[in-house]
Amino acid sequence: MTVDFSWSLTLPCTQISVLLAGRLAGAAVRVLGVGSAASGDLRENVHAAGGYVVTCSRATAFRVVITVAGSRCQVVVTDCEFVSRAPPEHGGSDGADTAKRAMMLRQLSARADAVEVRDNEGGGVLIRFDVQLP
């Protein structure tokens, strides 16, 4: 039997919220019978993506959306819908943001497929990746 579902959570942009989002994401797929290794990888991926959004975004909230279709799990972590402030005056990300982005991409790429990161001019961030569930 194949179960498809979608799950969404919106939390304040804080590090404790990132930890909560990761734990809830892991628990959500565990309910589907996914093993602890795969659910742990998903939790760590949500931690990496959420941590990047929280540290590099100017939004007050972020959203995690998980969609499972068969053995494919797509995760989107974004703040794009919540950003309402003007773009940064310095014209883009600084070296620290670039280093954080590279580290996050390495972490996600080790455990996920089709990793995509988008930054919009208003300071919004969208991170999307796929995870194959056993």
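Quick note: the coordinates plus some simple rules give every number you see, no bench work behind them. Not measured: the values here are computed from a predicted model. All Cβ positions, even for glycine, are placed from backbone atoms using ideal geometry, and neighbour counts span all protein chains on display.
Any idea which of I16, A110, T60 is furthest toward the positive side of the dipole for the range 4-132, if Lys and Arg beta-carbons carry +1 and Asp and Glu beta-carbons -1? The residue sitting most towards the positive pole is I16.
Charged side chains reduced to their Cβ positions (Lys and Arg at +1, Asp and Glu at -1) give the range 4-132 a dipole of some 320 debye around its Cα centre.
Within the shell defined by Cβ-Cβ distances under 13 Å, the residues around V68 carry a net charge of 0, with Lys and Arg each +1 and Asp and Glu each -1.
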